[in-house]
Amino acid sequence: MKKNDQKIEILVVEDSATQAEQLGYILEQQGYTVLMARNGREALEIISSSLPTMVISDIIMPDMDGYTLCKKIKSDENLKNMPIILLTSLGDAEDVLKGLACGADNFITKPYDEQYLLTRIHHILLNVDLRRETKVQMGVEIFFGGKKYYITSERQQILDLLLSTYETAVHKNRELVNTQKKLTELNEKLEEKVQERTATLTTEIEERKRAEEELRWKTAFLEAQVDSSLDGILVVDKQGKRILQNQRLNELWKIPPHFAGGKDDAAQVQFAASRMKTPGEFAGKVAHLYSHPDEVSRDEIDLIDGTVLDRYSSPVRDKAGKYFGRIWTFRNITERKHQE
């Protein structure tokens, strides 16, 4: 941006130290000399000792706000040509009327775009001489919102402020349009992600249903095989809790229905022990197997009614090799033992 060779001093009036430093840095990067004031009173003190080229002031400040500062500067015959930019939220038309009433030259909304701010400063500085030459004054009373405003600003000043207000509105509208466009793009991307995730979940659900159906079929097939076996079969988990038990086992051990169909494993074990000739010996072997899950065991059990059972026990593992229980099979070998 081209500037005159003459030294340009800009007074920044801002009670927020962070915002003041940020604005000061932007201006200094463009070669302007920056003065700082925290409120309107400090600004007037600085102006009285060092006449700046331009004032950029916040509106909401303690001690003296931006409107009052602007009015005091514009009412001073020696300072009235000093350009003043007010930083405002530009909430409604009353802000514009207040700016006109106090003689402000431009509005810049917060948060401001850096390039837009520099463009407005450059425009005002280029028109400083033109304003000095055009000193036709207008005096008009305006009633708005139940309040009266008396506007005495010069024609050029009024035009500049109104144009800056319009320009600001257009700039904000452009930002809103861009924001809306980005939101639309984000929503479209989000919709795509949702559809992709929904398709993935649908596939996962279908696969899970197929897996559950396959598991039910395999379980039913296994139960059918177990129930048709001539051997008594008992499947337990690694804690010894029953998972599966066929009818042949109940027949071999003469287990009553209320034990066989119940959930009291201890009661069934106790009943089975009462049917053995040497229950203590068998209990020791069972305890040994549970503490040594990899072992395979086979022996014979003599029941008190003369029945001899061939007992076989082996660990059960899944495809990954993880141990999750044992399977016990019992076969009646009484006739063969008698023949031997």
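The numbered conditions (1) closer than 21 Å to residue 286 by Cβ; (2) modelled with pLDDT under 80 are all true for residue 253 except (2). Taken over the range 292-319, residues that are open to solvent by 80 Å² or more (accessible area, probe 1.4 Å), β-branched (Val, Ile, Thr) and at pLDDT below 90 amount to 0.
Of the strands (runs of 3 or more DSSP E) lying entirely inside the range 1-71, the ones with 1 or more residues being under 43 Å from the mean Cα position of the chain (by Cα), buried (at least 16 other Cβ atoms within 10 Å of the Cβ) and polar (S, T, N, Q) are found at 54-58. Restricting 272, 283, 266, 287 to residues that are surrounded by 15 or more Cβ atoms within 10 Å (Cβ to Cβ), out of contact with any Cys (no Cβ under 8 Å at 6 or more places or on another chain), closer than 20 Å to residue 239 by Cβ and small (Gly, Ala, Ser) narrows the list to 272. Taking the range 231-247 as the range and being open to solvent by 70 Å² or more (accessible area, probe 1.4 Å) and not in a loop (DSSP other than H, G, I, E, B) as the test, the residues that pass are 243, 247. Step by step: first the residues of the range 102-144, then only those that are basic (Lys, Arg) and in a loop (DSSP other than H, G, I, E, B), then the one that is modelled with the lowest pLDDT. Which residue is that? For the range 102-144, the residue satisfying everything is 135.
The values are calculated or read from the model by the stated rules, or taken from the named source; none is laboratory data. As the structure is a computational prediction, the values presented were derived from the model and not from experiment. Cβ sites come from the backbone with ideal geometry, for glycine too, and all protein chains shown count toward neighbours. Remember, those area values only see protein heavy atoms, side chains included, never the ligands or the DNA or RNA. Shrake-Rupley method; radii C 1.70, N 1.55, O 1.52, S 1.80 Å.
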